[in-house]
Structure formats: C-alpha cells, structure tokens
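Before any comments, here is the structure.
The values are calculated or read from the model by the stated rules, or taken from the named source; none is laboratory data. Given the structure is predicted, the values throughout are model-derived calculations rather than measurements. Cβ coordinates were reconstructed from backbone atoms using ideal geometry, including for glycine residues, and neighbour counts include every protein chain displayed.
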C-alpha cells in the first residue's frame, strides 16, 4: 500500500510495461516499436522512464539488438502478470455495463465473480473476441432468479439454489473449500491445537447475508448444531475480510476469497476439528433457452481452468 498519496503516481503504467514485453518478444527496441505502432524514440524514452521509476537497468542495448538484463528478466515476468491482471480488469468491468443487449448474459455469485470469472472472461475474449458479455454479480439466490430469465449462472451453494424455477443443466467447473479466518491478534491465531467444532458454533461469527452460497454451505455443514447469533451480517466478502481484520470476530469464507489476505498476514486461517467443507462451483443454465455456442464454450473454458485449492495449515 502506498505510504504517501503521491506514491501511486510512481507505479509503472501498463502501457510502459507493454513496451518492455514487446522488446523481449521482438529482440530490439526498433522492432518492438514497429510491433506496437509507435516511433522508436518514443519507445526508447518509455524504457528509460521505466528504468528510472524502478531504479533498475532493464535492457542491454547493442547494435545488433536489445537483451534483457538479469533484473529485466525478473521484471518481465512480473510485468506480464500486471498486464494480464489489467486485461482481466478491463474485460470484467466492460461486462458489467455492456452497452448493447449481450449475446451472453452471465450471473455469478460473488466469490466466483471476484476470484475466477475475470480469468475466464479474459480467456473468452482471446478465443472469441466478438462475443458481447453482460455480467451481474449477486448472491446465489439472486443468481438462481436470473437463470430463470435465461442467464448463464455460476453458483457456489452445495445444492442448486431453490430460487431456480425452470429445468436446467449444470456442470461442475471448480472445487472450493471453506476456511475459518481470524485477525492476527485473535486468541485462536495463537492456538497450537485445532479449535473445536463446539467452540466455533458457540462463537458469534461475521457472516455474509442470507442467500449467500458461502453462508448456506457453512450452515448446512453444521446444521445438526445450534449456531450462535452472528456478530454481524455483511453483503460482500471484502466487507467480511475488513471486519475480521479489525477484530469483529472469526468468519468462515471461501479459501479463494481469503488466500491473498492470509498470505499477506492480514488474516490467519485456523484449523477446526471435525470441520471440512468442500463444495462444487457450478455453471447452470436453463434447458429451454436456445443453444448458445458461446455459453457452452465459456463453460468449457471454466472447466479447463479447474483447480482444487489445498487447505491452509493454520
């Protein structure tokens, strides 16, 4: 996080990183400039500016071409990640406000929309660049209602949402686990033994709103026990993460949704005895809708990207 409001202006521009990627691919600044459709002096100035920003020498310039320095090779990999993330951001944001009726209407529950769908949409744009996508992000119950209206839905509840009222087809595209997270100062973060299931259900938790697939999955898994009243109910994974990190109480969230916060130390994942909650993430669509090749192709892309997230060791 920037230490000063002006620090953000020192971040490399994505366009500058594209020049570095082009030099690595084309082998020289002049060839990279031609590839990008810019003048060679502009490309050279961009690279010098990028080197000043990062305080590193990135390019060995020679008469026969340009090679990356050892530092440049490392920065290249990181730059590629930034460019790909920017592509996912732009693609997903565009889907949220499709200017014309979309050829492919998508409704996704929040965890899938935040953590997986941007990559799927970016791949779809590469493979089918002409497809117009409209995206609605909602909890699993609302996604079910949108499936009734013909949207391709992605849901994370253990069963298909009860709000679905039409015959549907579905396909499991990924697998997810739920984990218990606390702030680093919480007593459970210092435990050397797992938290008991009785302790967990007796503790007021920070939870998602009713209808959330994450909440439904957890409540069904411990349905034989009496849960304490929630510490608070919040409408997004981000809000839950912030509340937990501020000490509002433990939460049960998707491993996908807390991975970065746990890896950065903002949250701690804790083991709970006799609690393993795995759930399928499904693509669901109405069988009565006309066959949409883009719909089926996106489902195939999502399934090809499938991953099972390994549990954190608290």
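Would you point out the residue of the stretch 285-314, among those that are under 14 Å from residue 151 (Cβ atoms) and part of a loop (DSSP other than H, G, I, E, B), that is modelled with the highest pLDDT?
Once the filter is applied, the top-ranked residue is 287.
Kindly provide the set of residues from the stretch 270-302 that are under 18 Å from residue 164 (Cα atoms) and under 18 Å from the mean Cα position of the chain (by Cα), ordered by number.
280, 281, 282, 283
Taking the stated definitions as given, is residue 218 touching a residue at least 40 places away in the same chain (Cβ under 8 Å) and either surrounded by fewer than 22 Cβ atoms within 10 Å (Cβ to Cβ) or within 17 Å of residue 274 (Cβ to Cβ) (or both)?
Judged against the criteria, residue 218 is a match.
Can you pull out the residues in the stretch 121-148 that are in contact (Cβ under 8 Å) with a residue 24 or more places away in the chain, in a loop (DSSP other than H, G, I, E, B) and under 20 Å from residue 293 (Cβ atoms)?
Listed by number, the residues that qualify are 128, 131, 132.
Considering the stretch 54-70 alone, what residues qualify as being modelled with pLDDT under 85 and either within 15 Å of the chain's Cα centre (by Cα) or in a helix (DSSP H, G or I) (or both)?
Listed by number, the list holds a single entry, 70.
Looking at 196, 171 in this structure, which one is in contact with a strand residue (DSSP E or B) (Cβ under 9 Å, 6 or more places away or on another chain), in contact (Cβ under 8 Å) with a residue 40 or more places away in the chain and either surrounded by fewer than 14 Cβ atoms within 10 Å (Cβ to Cβ) or at positive phi (or both)?
Matching residue, one of 196, 171: 196.
Take the conditions in a strand (DSSP E or B), touching a strand residue (DSSP E or B) at 6+ places or on another chain (Cβ under 9 Å), modelled with pLDDT of 90 or more and surrounded by 18 or more Cβ atoms within 10 Å (Cβ to Cβ) and apply them to residue 269. Does it pass?
yes
Just need a number here: residues in the stretch 231-250 that are in a loop (DSSP other than H, G, I, E, B) and surrounded by fewer than 16 Cβ atoms within 10 Å (Cβ to Cβ).
The total comes to 3.
For residue 278, which of the numbered conditions (1) out of contact with any helix residue (DSSP H, G or I) (no Cβ under 8 Å at 6 or more places or on another chain); (2) more than 25 Å from residue 171 (Cα to Cα) fails to hold?
(2)
Among 191, 279, which is the only one that is surrounded by fewer than 17 Cβ atoms within 10 Å (Cβ to Cβ) and in contact (Cβ under 8 Å) with a residue 24 or more places away in the chain?
Answer to the selection: 191.
In the stretch 186-202, what residues are within 22 Å of residue 278 (Cβ to Cβ) and part of a loop (DSSP other than H, G, I, E, B)?
Within the stretch 186-202, 194, 196 qualify.
How about the stretch 93-120: which of its residues are modelled with pLDDT of 75 or more and outside any helix (DSSP H, G or I)?
If the condition is that a residue be modelled with pLDDT of 75 or more and outside any helix (DSSP H, G or I), then 103, 104, 105, 106, 107, 108, 109, 116 are the ones that fit.
The rows are residues; the columns are (1) at pLDDT 90 or above; (2) assigned to a strand (DSSP E or B); (3) touching a helix residue (DSSP H, G or I) at 6+ places or on another chain (Cβ under 7 Å); (4) outside the structural domain of residue 226 (by TED's automatic domain parsing).
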| site | (1), (2), (3), (4) |
| --- | --- |
| 164 | yes, no, yes, yes |
| 170 | yes, yes, no, yes |
| 180 | yes, yes, yes, no |
| 184 | yes, no, no, no |
| 204 | yes, no, no, no |
